[in-house]
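Let me begin by presenting the structure, written as structure tokens, before commenting on it.
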Protein chains: 2
Amino acid sequence: MARNVLTPPTRLLLGPGPSNPAPEVSAAMAAPLVGHLDPYFLQVMDETMADLRTVFGTANHHTIPMSGTGTAGLEAIMFNLLEPGDEAIIGVIGYFGQRLAELAERAGARVRRIEAPLGEVIAPERIAEQLDRRPPKLVALVHAETSTGAEQPLAGIGALVREAGALFVVDCVTSLGGTAVDVDRQLIDAAGSCSQKCLGAPPGLGPVTFGPRAMAAVTTRRSKPATWYLDLQLLFQYWGDAGGPRDRAFHHTAPVANIYGFREALRLVIEEGLEARYARHRAAHERLVEGLGTLGLLLFTPETHRLPMLNVILIPEGVDDVAVRRQMLERGIEIGGGFGPLKGKAWRVGLMGTNATPEVVDRLIGELGEVLAVSR
Amino acid sequence: MARNVLTPPTRLLLGPGPSNPAPEVSAAMAAPLVGHLDPYFLQVMDETMADLRTVFGTANHHTIPMSGTGTAGLEAIMFNLLEPGDEAIIGVIGYFGQRLAELAERAGARVRRIEAPLGEVIAPERIAEQLDRRPPKLVALVHAETSTGAEQPLAGIGALVREAGALFVVDCVTSLGGTAVDVDRQLIDAAGSCSQKCLGAPPGLGPVTFGPRAMAAVTTRRSKPATWYLDLQLLFQYWGDAGGPRDRAFHHTAPVANIYGFREALRLVIEEGLEARYARHRAAHERLVEGLGTLGLLLFTPETHRLPMLNVILIPEGVDDVAVRRQMLERGIEIGGGFGPLKGKAWRVGLMGTNATPEVVDRLIGELGEVLAVSR
């Protein structure tokens, strides 16, 4: 039985990602392919690296989109920086912190977790205390915890970690492009994000950056990483080593269309300007909070450390979570369900990339108000 | 400095892949995104799995595109099937066999290599001999060795491997969709391919299939695989377990646009019919060989086991490899350079997917003839 041509519905994507790509980004995904060693593509790779450095706020040469989703980028960080027997301190303020700890453990590390209750964040003193007890190889935090809507403050932590001789790793999957990450200013040694949230490309790439201290750990490893696909030293034979000859050796076939789309997404981010983009995300968040107030809805996350791009909204007593989300989807709007312990108790509304606008917020509040009016 | 909009040149892609996607496939890459848990996307996932089974020639439930390139799919096979200390026999008839061996070693296995000279293949008796000596956990072969143009015969090997109690793994990155792989008929327990060669989608996905014997090895492991991103048991909480409830749990954000494109590519493969598609690839190869003859060019690979979709052509004495490929590219045609020991000594011409046609072959022969006429 022959299949019909693919004809996806049009959705306003207000879940935890993907967000809706700009038309220029979608067009690039369908642009004519060239080979992964074509001189034109090598130039696109260089442009992508340069713009990604700008977005991360770093001068790190080793800044590329990994050929997998955000999770692959984070796994690449753990596989390359950790060796069996190394110790890692991981901040766990929700599901994505637990995932970081799991990635580190699978890379062979012994993990000490610093936990905070759902919605809360970790104070620098708690990290200092653990560093004093025994310095680890690395300390990793989730900047934007997508399961709770909390923004982990980074200020001052990089210095503490560096002083202890450890590497500072940040999961900025949800924050990059929507709020400042500032890799160099925050003394972050390695960071990983994704393509499909605030940067506004389709999912499929895991942008990462590795600073000189991280690369020193990579090049002085006692053993090869267990992964060949995500082995940084092999990858940079293709992406080009800093300073050295720009001779590119095949490692794996780069996802050309995804990198086209990502290059366009980065171009639009830089064209808008980072500060303007952060302000737009912040303004959309504030308008959303105001609108939710008119509907009598409350946010789960304490106001002191709410993420702008990912809003966790408490489901009022007596309202059917699944029914509301289904009705919203019938109206062409995706919102996310609660995650883990918040499943059934909260919705997650993303205002990311092209969707961080007053028009989108107003449409969401209007439609959600109508759906809730008949649901209660 | 703001970047210009991406405007890639149009190339006829006759290297070792990517090939040129059909217009329907490119259109799908730019189609409206839905969320990775959207009911519409869950249906696309099911369709993709079903069509991929048809193309692999298998009834295996566990048949999905991994969220990475073909290499990621092969790494997933090794990470999931092998545990530290396991033994693997790997056939090495070129670079991609060496890569398989490296993936197995990084997964912790002790590897016995069975090698053949470049251009040659491995006789079943040599595998039987190694199996007799000491049965391993798995035996892996490269079906289509892209570095030498050789097709490794598979007939009869699956039975030998099964009789020895081992798993039979096949790298069909270059062959799938261009010549028969027939997973079930060949008693293959796990196979991995790519999206961008004979299947005709952009690069970025690693289609894999795991049969019941392979899944038994996965579910009875003593330890978790080192990879979390490519952990099959976690992945199938999202792709849906066979028979069980089709409740989908988030694992990582699927590359929605790539899966759209891949679903369309598979649809076109099945619409054409597998046998017709193989015949088309075979006919294009024969026409190419004939055309090369008129130019006085010879193939490197012995005629008895030449791949149809990847042709390794000896560069005549006195012809400048790089200059010819550059001039071909200026005429809008990519052909591949030789790989490893064949670098500078051979070209690799892929006739894959949409490019396995008489028109493409004739254009290639015409242009190559003109370039060579001025190069000698």
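Just a few scattered comments:
- Region A:1-23 residues near the modelled residue B:271 label - backbone nitrogen below 17 Å, point 7 Å along Cα→Cβ: A:1-8
- When the pairs A:197/A:345; A:224/B:137; A:224/A:343 are compared against a 31 Å limit on Cα-Cα distance, A:224/A:343 fall above it.
- Charge tally around residue A:57: other residues with Cβ under 14 Å, Lys/Arg +1 each, Asp/Glu -1 each, net -2.
- At 7 Å out from Cα toward Cβ: residue B:135 inter-copy label distances (nm, ascending): 5.3
- DSSP H segments from chain A that extend 15 Å or more along their own axis, Cα-based, with Kyte-Doolittle mean of 0.0 or above: A:39-56, A:70-81, A:256-272, A:358-375
- The value of relative contact order for region B:170-280, using C-alpha pairs under 8 Å at least six residues apart, is 25 percent.
- Each copy carries a label point for residue B:247 at 7 Å from Cα along the beta-carbon vector; from one copy to the others these points are 5.6 nm apart, nearest first.
- Given charges at beta-carbon only (K, R positive; D, E negative), |dipole| of chain B in Debye: 640
- Centroid-to-centroid separation of region B:199-255 and region B:300-360 [C-alpha atoms, Å]: 36
- Here B:103, A:176, A:37 are placed in order of increasing Cβ neighbour count within 10 Å, fewest first, which gives A:37, B:103, A:176.
- Structure remark: mean-square fluctuation, Gaussian network model of chain A, C-alpha springs under 10 Å; the largest value among A:273, A:261, A:73 belongs to A:273.
- Fewest-first ranking of B:121, B:181, B:349, using other Cβ atoms within 10 Å as the exposure measure: B:121, B:181, B:349
- Per-copy distances of the residue A:303 label point, shortest first, in nm (7 angstrom along Cα→Cβ): 8.4
- Normalised contact order of chain B, rounded percent, pairs of Cα under 8 Å and 6 or more residues apart: 24
- Assuming charge only on the beta carbon of Lys and Arg (+1) and of Asp and Glu (-1), the dipole of the protein assembly as shown about its Cα centre is about 820 debye to the nearest 20.
- Between A:265, A:23, A:57, the Cα set farthest toward the positive side of the dipole of the protein assembly as shown (charges on each charged residue's Cβ, about the Cα centre) is that of A:57.
- GNM top mover of A:351, A:299, A:307 - chain A, alpha-carbon springs below 10 Å: A:299
- DSSP beta bridges confined to the protein assembly as shown are antiparallel in about 50 percent of cases.
- Taking Lys and Arg as +1 and Asp and Glu as -1, the other residues whose beta-carbon sits under 14 Å from that of residue A:187 total -1.
- Gyration tensor verdict on chain A (Cα atoms; rounded if a/c is under 1.5, prolate if a/b is larger than b/c, oblate otherwise): oblate
- Helix-only mean residue ellipticity at 222 nm for the protein assembly as shown, each DSSP H run of n ≥ 4 adding -39500 (n - 2.57), per residue, nearest 500: -12500 deg cm²/dmol
- Which of B:10, A:301, B:174, A:354 has the fewest Cβ neighbours within 10 Å, and the rest in rising order: B:10, A:354, A:301, B:174
- Net charge, residue B:218 excluded, C-beta distance under 15 Å - Lys, Arg +1, Asp, Glu -1: -1
- Dipole moment magnitude, nearest 20 debye, region A:274-375 about Cα centre, only Lys, Arg, Asp, Glu C-beta charged: 320
All of the numbers you see were taken from the coordinates with simple rules; none came from a lab. On a predicted model such as this, the values are computed, not experimentally measured, just so you know. Reconstructed Cβ throughout: ideal geometry from the backbone, glycine too, with neighbour counts over all protein chains shown.
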